[in-house]
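Read the structure below first, then the notes.
What follows is calculated from the coordinates using simple rules that are stated; it is not laboratory data. All of these numbers come straight from a predicted model, not from anything done at the bench. Because the Cβ atoms are built from the backbone with ideal geometry, glycine has one as well, and the counts that use them run over all protein chains shown.
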Amino acid sequence: MPRITRSSSTQEDVVDVVSSPEKDNKSEIKQEIADTNKPRQHPQSQCVMIVPDGMLESKHISVVTLRNPRTATGSLYAFSHNNTNVYEMNQYDESKRSWFLDDSVQSDGSFFLTTKIDPLFLILPYLCKAKHASPIDQLVVDEEYAHTLKLTSSSKKEHLEKIADCKQSGDFQAWKYNEEKTLLWLGKKVSALCQHLKKSNFNVTQTAVSSNYVKTEKAEVPESTYLRYAHGMISEYLSEDLSSALEKHLELPALPKGVANDEIKEPPAKRQKIGDANHEPLEDYSKDQKPLVKLPPPPIVNPKRKNFLGQPAPQGYVAGVGRGATGFTTRSDIGPARDASDVPDDRHPAPAKRKKDDDEEDNEDLNDANYDEFAGYGGSLFSKDPYDKDDEEADAVYEAIDERMDEKRREYREKRLKEEIEKYRQERPKIQQQFSDLKRELTAVSEDEWKNIPEVGDARNRKQRLAGRREKFTPLPDSVLTRNLGGESSTSIDPKSGLASAFPGMLTPTGDLDLRKIGQARNTLMDIKLNQVSDSVSGQTVVDPKGYLTDLQSMIPTYGGDINDIKKARLLLKSVRETNPNHPPAWIASARLEEVTGKLQAARNLILRGCETCPNSEDLWLEAARLVPVDTAKNVIAQAVNHLVNSVKLWIKASELEQDVKSKKRVFRKALEHIPNSVRLWKAAVELEEPEDAKILLSRAVECCPTSVELWLALARLETYDNARKVLNKARENIPTDRQIWITAAKLEEAQGNNAMVEKIIDRSINSLAANGVEINREHWLKEAVDAEKSGAVLTCQAIIKFVIGTGVEDEDRKHSWLEDADNFTSQGAYECSRAVYSHSLEIFPAKKSIWLRAAHFERQHGTRDSLEALLQRAVAHCPQAEVLWLMGAKSKWLAGDVPAARSILSLAFQANPNSEEIWLAAVKLESENWEYERARKLLAKARNSAPTPRVLMKSAKLEWHLGDLEEALKQLQTAIEQFPDYPKFYMMQGQIHVLQQHMTQARESYNLGTRKCPTSVPLWLLLARLDESQGNMTRARSVLEKARQKNAQNPQLWLEAIRLEWKTGLKDIASAMMAKALQDCPVSGLLWAETIFIVDRPQRKTKSVDALKKCEHDPHVLLAVSKLFWTERKTQKCREWFNRAVKIDPDFGDAWGYFFKFELLHGTVDEQNDVKKRCVQSEPRHGEIWTTISKSPQNWRARTEDILLLVAEALPVPV
């Protein structure tokens, strides 16, 4: 029985099979190899498995978990022979059983029964689920069971054709489920199993519970019973739907009434277990039997004996209570009166029987010596009484009281223990603590003083130091060696000890041994060795002293394994060669073994012998040509070609051995005479020719190989336009199922300027391929579109996308799928493909605002200004209500310097969207940016009358503020507050203007009023706290922030402001404690984690950064903090990478752009600085603590993004 050893792999269990001793020699050799190459496994990592003999021939067996085809749950399967054979593993377990393996006991007594299974049963569920034809490696993908892909190695084309249809184009194969084929295949399986059951005389009737109780007369079993039984066994590997379909296909008769379907389909696994239920026999076995002899009467029973004698008392029984007995029995003992129908009370169960111990008796010791005045008797007075539920409840109560009392004393006990430990350590400090002050003083020791410290010497005396070094040797005369090596006997043990015995010498007696002659022979042998490497004429040595060791090194074998493994492998391969000399892999393996071990000549001899033995083996001749020298290899290949004249690989090897081009051409032409239909030879021959000669060769090649697309296309590329069209037409006639020919024809027409023919050719190609039964694979065609764009055929690319993009896509999924395709093309750099997708999508969905926006963003990033404006003109024509499209068009004109055009666009937008706040504000911004302040004021006045929204009122006051008219701004703000009292920005602007005027009291009143009207506005609370802080009133600032946190719970900005306030005042401990509370309140706030990294000491920053990344992996504040950390460590490249991550995660985060630009100003080149500036201008960031402070400053209200970036970079400090 094989023993299985599991490995500790997380992906799959790779097992080593060790056969039982009764197996053949092959199993013993396999066991020896496994024992020598592998460490001994722990006994508990082994299990017992019963496997077929063929499974043991595989060197690698893997046990994996796959989806069960019947239950869809995980089951164990084994793969062997390079995943070509699949086995099902069933575990049989019993609780009270173990195995004795080697010298240890395996507690797991289960064993695995391994049987071979057809892999088509495992592939069948995945085929049924697939909606479209797909390759087999894509069909069997399972996220839960990753090893399902192993099934592709065990499933061949001829096997898959039994259950599926194959659609093939070249090497590409796609499979689709065919129910008719599957049912025919399963029907054959059921018929074969049915014949086997009949041949084996297997009992398939319902009464076949045990073979011991089968009737002697066997009734004839109908064919349908065997069929149904076989159908049940096959259904164990099928889904319920497929099992029902198979039952209909087999036309099985209906089941009899009262018999379940499962009882017929599934064969009985075990003998039926008789339970408590009454099971009546299905047949009468007593109708033909004779009556039995009359049994004797039962023994006489005393009728006066009470039936309760000898039985335990009922629950709650107390003797004498029924007769009115009194005594120590109380109402609590017998409980309240109950009716017979009441629920019994378990609080007073019957006394349990006590087990009598034979070794000791529970005798109570009631002597005075065992009595204590406080604790009573030492033993238990009631040890003989039963332990009922009342005692258990009482013990539980007392234990709870003890735990509670212990909990109360714990704090005092731990405190006292801590004080005792501290006192003990103070009285008896450790040695390292005693010298801690001296260690601290070592910081002042200079480098010269360190070098002058003497080395630690050995304090032992000279005799003790030299005791281990001195070894005593006693010289022994030659006569003793001669006597012991000769035939004399010796007795070296004391005869008195009784252990003396005579031992003969090690060698045959040859007389005296002359050691002097041995020394002379050794010197003579050394002289011979030296004379071999010396010049016999002049006596001078010819050994190169510098290259001597190098030469010796070259003689060492390159194989680093065990020499015993080499010997075993050589022995095994020799046995294989002798057993089957016509097996080429044996000769190749033997030669490679000798090559690895450094015996190249032996490898050459072996491979040449193999070529003589197996002259028709292509691999043997190629291996021989590789091993022998180049000049000999030509002769070897010549002999090989004589034996195998139709071998393409041999002809190509012969051409590789030639040096000049003419010889190579000669070889290929000779090869094409013998193998004219080899595409590989034609391609290799054409590559060596000039264009004119190559054209001639290709003309002949397409005649010999009319189904090779590559040869037709190569010929078309070399021909002129007219001839190329003829060549492609012939190619379509010979190969009507290949798309490459049609696409090449479209590219040809586009190159000649026939743009109208491109779409016609692509349209005709799709119709023609579909008519010839070719499936239009959308992914393959889109890939061809990308290749066409890269080759410069833009019209071909657009035509392919136009006619293919809707293939295989449902109507409701078209928009989503097409936008995904556009994004994929953009990521690949295929911008024309993306533009074609957007164009086609807009033709189908002209009123979709989202598609117009995506297309506009694409043109802004990857197109030109003209293409963007043309697209926006079409967009506003189809979606006039989309304000953002109008604004994008006006902005494009404004950035180009065409202000009148921008105004005209906004006027058209006013007509389409009257009283639109966004368009009003865009018009105001356009006028203010172009120094037309009066026009901006008039527009705002009209906007306040027609669309008095909070933003319009705010922009009006902000314009007056920026123009320096603070009184007018305050007046408009007061009016706005009266209209919209719950808009917080009015109070913020009012307070900031008062601060500019140095009216601190009025500013505080504005902020206070704003916090009362808008308590959820965090910026208002921050401005109020900063105002108090600027006035030096830290206590009031703390109270404001505390109140703000109560109004706005779990707000990281308020926590951060409070922490920075404590840090500025020098209370770093309070700030650290507050940071800990803040992280508990807001555990995933990147703002707080970023601040934590630079609050802690420098050695702890890396640890904090790792914790921050675990909590907030994609937060821009954390990524910026990590970038600054690398900046402080002068890790420039990593710092630049993390800055790029930060601005990629959130392009709107202005502080990250500011730090990035400052970093490049200090450590980057001019190109890198310009790149960061360009990307920042494209992103147009608007948020960030420092960024908003500078961008919203009144003196910077007209500054562009580039100017703000420079100001932010100048204001930011270098992290330390």
One finds the C-alpha centres of region 60-108 and region 1016-1051 to be spaced, in Å, by 68
Phi-derived 3J(HN,Hα) across region 704-714 with the Karplus relation (6.51, -1.76, 1.60, θ = phi - 60°), rounded Hz, x for Gly and Pro, is 7, 10, x, 9, 8, 5, 4, 5, 5, 5, 4
Checked against a 19 Å limit on the C-alpha separation, the offending pairs among Lys958/Lys1192; Lys955/Lys1174; Lys131/Lys802; Lys418/Lys1068; Lys955/Lys985; Lys1124/Lys1158 are Lys955/Lys1174; Lys131/Lys802; Lys418/Lys1068
Of 155-162, 1157-1164, ordering from highest average Cβ density within 10 Å down gives 1157-1164, 155-162
Note to self: C-alpha centroids of region 763-838 and region 390-434 sit apart, in Å, by 77
Here region 417-424 yields Karplus 3J(HN,Hα) values (6.51, -1.76, 1.60; θ = phi - 60°; whole Hz; Gly and Pro given as x) of 5, 5, 5, 5, 5, 4, 5, 5
The answer for Gly74, listing residues at least 5 apart or on another chain whose modeled amide H is closer than 5 Å to its amide H, is Asn68
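Report, in listed order, any pair from Lys439/Lys1134; Lys574/Lys664; Lys683/Lys790 with a Cα-Cα distance greater than 28 Å. Could you put the intermediate results ahead of the total?
Working: Lys439/Lys1134 38 Å; Lys574/Lys664 39 Å; Lys683/Lys790 24 Å.
Beyond 28 Å: Lys439/Lys1134; Lys574/Lys664.
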Too long for a 26 Å Cα-Cα cut-off, among Lys1043/Lys1064; Lys116/Lys188; Lys670/Lys695; Lys849/Lys1173; Lys116/Lys199, are Lys849/Lys1173
Of 653-662, 1046-1055, ordering from highest average Cβ density within 10 Å down gives 1046-1055, 653-662
Gyration tensor on Cα atoms of region 559-644, a ≥ b ≥ c root eigenvalues, a/c under 1.5 rounded, else prolate if a/b beats b/c, else oblate, says oblate
